[in-house]
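Enquirer: Before I ask anything, let me first share the structure, which is written out below as structure tokens.
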Amino acid sequence: MNNKNIIKQGLLSKRGVFLKTWKKMWFVITGNVLSFYKSKKGKFPKGLVPLTQGVTIKVVKKRRRKWVFCVQISKKKTYYLSASSEKERKEWMQAISGTIEMNQTDKVTLKDFQLLSVIGRGTYGKVMQVKHNETKEIYAMKILQKGMLAKEKQIKHTMSERNVLMRVKHPFLVKLHYSFQTLEKLYMILDYAPGGELFRRINDEGKLPIDCTRLYVAEIILALEHLHKMDIIYRDLKPENVLLDQGGHIKLTDFGLVKTDLHKKCGGKTRTFCGTPEYLAPEIILDKPYDETVDWWSLGILLYEMLVGVPPFYCELAEEVYELIIKSKLKIPFYVDDEAKDLIEQLLDRNPKTRLNIEEIKKHDFFINIDWEKVYNKEYEPDYIPKIESETDVCNFDEEFTEEVVVDSLVKVSAIGKVDEKAFDGFTFMKKVDGLGMMND
Ligand code: ADE
């Protein structure tokens, strides 16, 4: 079996269907089935349990056996399983329910959403606020024009990451709920962050207060730590990708350029060039192999920008920005707090080997009064709570986007002039506009 497709595997006890005796068996979750084998070495499964729509899982209390749960396939078919600890049972139940959820999301299409507003535009396409027709849940829909993505490989890469991203669950990361594609586009249905971009706050206020910066940075650190644990390098950390949720806490978005499986590439290093110039680590610019420490460099740039208002290596021309990142001496204004200054200097270390790592960052004096568990549990109150009048309020997004034309037609003119009606089949639009009734994203 291809190890890459294994979501979880291990020993569980299974209750026999007829004799009702418990036997240890080796269980494996792959794309959409839970298979069980006589032992780890078993070649052929003794049974296959589909993890598709309608399957439910529950904790079961048994007098003689601990940590039991059941997977119910239909009224007549239920599998009883037991783990070796509470923690194990929780992990198995989470993995199984995550897989069921993922398989249910396969059938989602554009028809399931009502388009509300345009809230952003990136290099690859735009972001819209949408409402799920049935659940009425509000999401952000990211539309990626396949033509804008550099290569076919990148499209496959983005889609292959879907499975990983759907399993990423963290308080400070935007969750990917569904994704689907048409001939021309990729669609990602993500958590909607109503507070908008941190970029806008820095723009409006010039610089951010130190304590507010400390909490933002602490939340970003936990988000990056979680991604790194899943072998994902974020690489694209910049204020535009740092969003604020309803309570003013951080939500990192845009995993379009993340790279998974970094340990499989070049002995733990990976080699792709991407990202925004001001935030790029020197080793990426120099086309050297790199690892997750590039995110700690970008964090140093972000911390500087929050406290100073502009990034440390800044110039109109990208080429000159690269030069500055590689060579220029870091200058930190006198008014920056001493501990923050020291942390910035140690994050913006051009040598990735001596750059601070996650443990050193969390122990740095800048965070001396920070309890990381409290950060994770959102027990620190952000000083800025976004003003949101209703769940569909888009006042925290630029009018440049929110006033953009949204039409009630199902017609879409593609970038190359072809009409892509199928893509928008059944897609309803909320706002009426004057004009042609066409949309170009
Ligand atoms: N979720 C993902 N991307 C988003 C964005 N740009 N704005 C709001 N919520 C989002």
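Every number here is computed from the coordinates shown, using simple stated rules; none is lab data. Note that this is a predicted model, so its numbers are computed, not measured. Using ideal geometry, Cβ is built from the backbone for each residue, glycine included, and neighbour counts are taken over all protein chains shown.
Enquirer: Using a 10 Å cut-off around each Cβ, can you sort Tyr192, Tyr80, Tyr384 from fewest to most neighbouring Cβ atoms? Display every interim value, and only then the final one.
Expert: Details: Tyr192 25, Tyr80 19, Tyr384 16.
The most exposed by this proxy come first: Tyr384, Tyr80, Tyr192.
Enquirer: Oh, and also: Checking the a/c ratio against 1.5 first, then a/b against b/c, what shape does the Cα gyration tensor give for the stretch 3-102?
Expert: Details: a/c = 1.32, a/b = 1.14, b/c = 1.15.
Judged from the Cα gyration tensor, the stretch 3-102 comes out rounded (a/c under 1.5).
Enquirer: Let me ask something else. Do me a favour and compute the ellipsoid semi-axes for the stretch 291-393 from its Cα gyration tensor, root of five times each eigenvalue, largest one first, whole Å. Please report the intermediate quantities before stating the final value.
Expert: Working: eigenvalues 147, 82, 39 Å².
With the √(5λ) rule applied to the stretch 291-393, the semi-axes are 27, 20, 14 Å.
Enquirer: What is the gain in length, in nm to one decimal, between Lys169 and Asp287 on full extension, counting 0.36 nm per residue of separation less the C-alpha to C-alpha distance? Don't jump to the answer; show the numbers that get you there.
Expert: On the way: separation 118, 0.36 × 118 = 42.48 nm, distance 3.14 nm.
Answer, rounded to one decimal: 39.3 nm.
Enquirer: Rg and Dmax in Å for the stretch 198-387, alpha carbons only: what are they?
Expert: Answer for the stretch 198-387, Rg first and Dmax second: 15.8, 47 Å.
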